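Enquirer: For reference, the structure I am asking about is given below.
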Amino acid sequence: MPAHLIAEEGPHRGLILNLDEGEEWIIGRDPDASDLVIEDGTVSRKHVRLNKTPDGIYFKNLSRTNPALVNDAEFSEPVLLKEGDRIQIGSTTFLYSETTKTAAKKKQGGYDDIFGDLEPAEEEEKPSLSEETIEEPRQPAIESEELRIPPAPPKPQMTAYDTIFEDTGAEDILPFHLIGESPLILKVIAGPNAGAEIAIEKGKTYTIGKDSNTCDIVFQDMSVSRNHARLQVSPEGVIELEDLGSKNGSVVNNNVITEKKVVTPQDLIALGTTVFMIIDREAPQETIYSPMVPHFESAKLPEIESEKEETQIEAVDWKKQPIPMKYLIIGGSAAAIFLVMFLSFFSLFKPNQLEIAHKEPLSDLKEALAKFTDVQYSYNPGSGKLFLVGHVLTDVDYKEMKYRLGQINFITSIEDNVVIDEGVWKMMNDVLSENVAWRGISIHSPAAGKFVVNGYVPTAEEAAQLTDFLTVNFPYLDRLESMVVIEQVLYAQLQALITAANLGGVTFQLSNGNVILGGNYNEQMSSELKKTIQEIHALKGVSSVKNYAIASHPNRVGIDLSKDYHVTGTSTFDGRGFSVVMNGKIYTLGDRVDGMKITSIDANMILLEKDGLRYKIDYTR
């Protein structure tokens, strides 16, 4: 005979787990991961491992949250099971056995066995016991004020070896003593526990769930949490229901409750798929109709039918009942007195037309969102739901907007897709600062929904890399304005302005948009220099211009070389000297003459410089 586990106590009493096929068995709640499945919320997905060896079957606990016990002891190492060991898995206690036995499990309210004999083991023949039958005594009909139960049908005959339990039949009697004389009854009308009735006493609190260790009322329902709800009954009979943070929630009359709620005997309460109501036996009762009518095959109910006819009460429509004359007289007199007082009161005042201001919901929304020009909204008057999309400048603006909308009472819910621009550009600046070449680049928001990137990059290649990065990583590229300055391009623009102004002796330095002018210039060209400085200020990317150039008189500048060089012609551009023909060659600003650099050309003077010395050529002589 193979070894087997027989459930003796718990919700799965009578269950038999046969250990006949294979060398290893996993016992747990998950049918995909376990070989032997126990449907119990207190059982882990993989709870126990059993291994068959030549010495016997070894037990290994796999659960950390609710360890299995062998003979009420917890073991971390494998344990060899012996005949008669008691193993607790979850809420069920199993008996380990390797001998021939029969397990029986009672149906609710009946005596039918659901398991037959296991394979017979070799044992001595007992003809006297096998032929002898045991007949279970019938239980008398139990009567109560609310329900008459017919006598239980006769139980099939059993032999002495049909079960391993010694049943006296006392457990099969419906536990009406649990209801007793309590005025309040919790009656389950739908779900896995339908038909159950539990007495509720005043001045007590009951925890409802599926954990038999912590709950006062236990529902065998997988959709009910371990500690689902709390039912509190005051000494005066006031009943309050509170949800204990259950996964499926607690529902009263199709409404999910979020806080304590007072329930009455007319309320339907649903915890998962279990629906029940509280019945007050001391209050007048109405007939509750249920389409599920119990069916008894072995007995008829003539007494119930006769009692139904005797106790049937004809319903009375209160709308058709006549009103006594004295109540009519009293009511008419009160109405007349009230009318006279009402007219007398208003006759003391001059009637003025009352103007009632009706405010449309859209006007309230426009007023609340007037400050936030980039936020758009859509409002559904039927559901009271408001949809927001757009941008606000800072987190303070966002909080102010939510506060204003919270003051409008007709808005039931808000679906918010508003972007806070401050958080966007701060995050991007943190990323840009990680690249050394982009540390001079920053992004800011001058207004809600608008972004500006500015700063300086040395070359056009760096600018192209920055553009590619922002195209991939910046989420609002269509709202981004680029003010990035390429220093290489700006340098060329400054050089062109100074050259065009014939200020060859003027030098400049460029650093992060700051331009510093130095060198010297002909004092006769002071107006040209001022005009050039204004043009430099107007260039994109120039933040400031500082002029340190020195003005000097041509006659006091350097060594006169007029007799050594002969100028035969000049050309001007825009009224300013630009080039000269000297000694048969054409020279322009910046060219070198015998190693000397031409720094200025005007209408009568050429200025040159070499090794820190200044020279002049006066070609008007």
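The values are calculated or read from the model by the stated rules, or taken from the named source; none is laboratory data. Given the structure is predicted, the values throughout are model-derived calculations rather than measurements. When we count neighbours, we look across all protein chains shown, and the Cβ atoms used for this are built from the backbone with ideal geometry, even at glycine. Side chains are part of the model used for accessible areas, which takes the heavy atoms of the whole protein and leaves out ligands, DNA and RNA. Shrake-Rupley method; radii C 1.70, N 1.55, O 1.52, S 1.80 Å.
Enquirer: If I ignore ligands, DNA and RNA and count only protein heavy atoms, how much of H537 is accessible to a 1.4 Å probe, in Å² to the nearest 10?
Expert: Here the residue's solvent-accessible area equals roughly 90 Å².
Enquirer: Could you give the length gained by full extension between E461 and N604, i.e. 0.36 nm per residue of separation minus their alpha carbon distance, to one decimal place?
Expert: On the way: separation 143, 0.36 × 143 = 51.48 nm, distance 4.44 nm.
Going from the current span to full extension adds 47.0 nm.
Enquirer: Taking region 231-269, which GluC sites (Glu not before Pro) meet the DSSP loop condition and have no more than 12 other C-beta atoms within 10 Å? Present the calculation step by step, with values, prior to reporting the outcome.
Expert: Numbers: sites: E236, E240, E242, E259; in loops: E236, E259.
Answer in residue order: E236, E259.
Enquirer: Could you calculate the FRET efficiency of N429 with N514 from 1/(1 + (r/R0)^6), where r is the beta carbon distance between them and R0 is 30 Å, rounded to 0.05? Walk me through the intermediate numbers first.
Expert: Details: r = 22 Å, r/R0 = 0.73.
Efficiency at R0 = 30 Å is approximately 0.85.
Enquirer: To the nearest 10 square angstrom, what accessible area does V79 show with a 1.4 Å probe?
Expert: For V79, the solvent-accessible surface is approximately 30 Å².
Enquirer: List every residue whose amide H lies under 5 Å from the amide H of F508, counting only residues 5 or more places away in sequence or on a different chain, with H placed 1.01 Å from N in the peptide plane.
Expert: Correct list: G518.
Enquirer: Hey, if you put +1 on the Cβ of every Lys and Arg and -1 on every Asp and Glu Cβ in region 392-519, which of A464, I408, V424 ends up farthest toward the positive end of that dipole?
Expert: Working it through, the farthest residue towards the positive pole turns out to be I408.
Enquirer: State the answer as a single residue: which of S433, Y377, G449 lies farthest towards the positive end of the charge dipole of region 351-461, with beta carbon charges of +1 for Lys and Arg and -1 for Asp and Glu, about the Cα centre.
Expert: Ranked along the dipole, the leading option is Y377.
Enquirer: What GluC sites (Glu not before Pro) in region 7-78 are in a loop by DSSP, with at most 15 other Cβ atoms within 10 Å of the Cβ? Spell out each step's value before the answer.
Expert: Working: sites: E8, E9, E21, E23, E24, E39, E74; in loops: E21, E23, E39, E74.
In loop regions of region 7-78 (DSSP not H, G, I, E or B), the sparsely surrounded GluC sites (Glu not before Pro) are E21, E23, E39, E74.
Enquirer: Separate question: Label-point separation (nm) for M483 and A335, each offset 7 Å from Cα along Cα-to-Cβ?
Expert: Result: 7.8 nm between the two label points.
Enquirer: Oh, and also: Taking R0 as 41 Å, what's the FRET efficiency between T205 and E21 from their Cβ-Cβ distance, rounded to 0.05? Before the final figure, lay out the partial values.
Expert: Values: r = 49 Å, r/R0 = 1.20.
Efficiency computed from Cβ-Cβ geometry: 0.25.
Enquirer: Run through region 1-70 and list the trypsin sites (Lys or Arg not before Pro) located in a DSSP loop whose Cβ has at most 13 other Cβ atoms within 10 Å.
Expert: Details: sites: R13, R29, R45, K46, R49, K52, K60, R64; in loops: R13, R29, R45, K46, R64.
Of the trypsin sites (Lys or Arg not before Pro), the ones in loops of region 1-70 whose Cβ has at most 13 other Cβ atoms within 10 Å are R64.
Enquirer: Expressed as a fraction of 2.2 N^0.38 Å, the rule-of-thumb size for a compact globular protein of N residues, what is the C-alpha radius of gyration of region 440-512? Spell out each step's value before the answer.
Expert: On the way: Rg = 15.8 Å, N = 73, 2.2 N^0.38 = 11.2 Å.
The value comes to 1.41.
Enquirer: While we're here: Using 1/(1 + (r/R0)^6) with R0 = 25 angstrom and r between the beta carbons of A447 and N473, what's the FRET efficiency to the nearest 0.05? Walk me through the intermediate numbers first.
Expert: Working: r = 22 Å, r/R0 = 0.89.
Given R0 = 25 Å and the Cβ-Cβ separation, E is 0.65.
Enquirer: Further question on the same structure: Could you give the length gained by full extension between F75 and E400, i.e. 0.36 nm per residue of separation minus their alpha carbon distance, to one decimal place?
Expert: On the way: separation 325, 0.36 × 325 = 117.00 nm, distance 6.07 nm.
Contour length minus the Cα-Cα distance gives 110.9 nm.
Enquirer: On to the next question. Kindly write out, for region 233-249 in residue order, the coupling ³J(HN,Hα) from the Karplus curve 6.51 cos²θ - 1.76 cosθ + 1.60 (θ = phi - 60°), rounded to whole Hz, with x marking Gly and Pro.
Expert: 10, 6, x, 7, x, 7, 10, 10, 10, 10, 7, 9, x, 5, 6, 8, x
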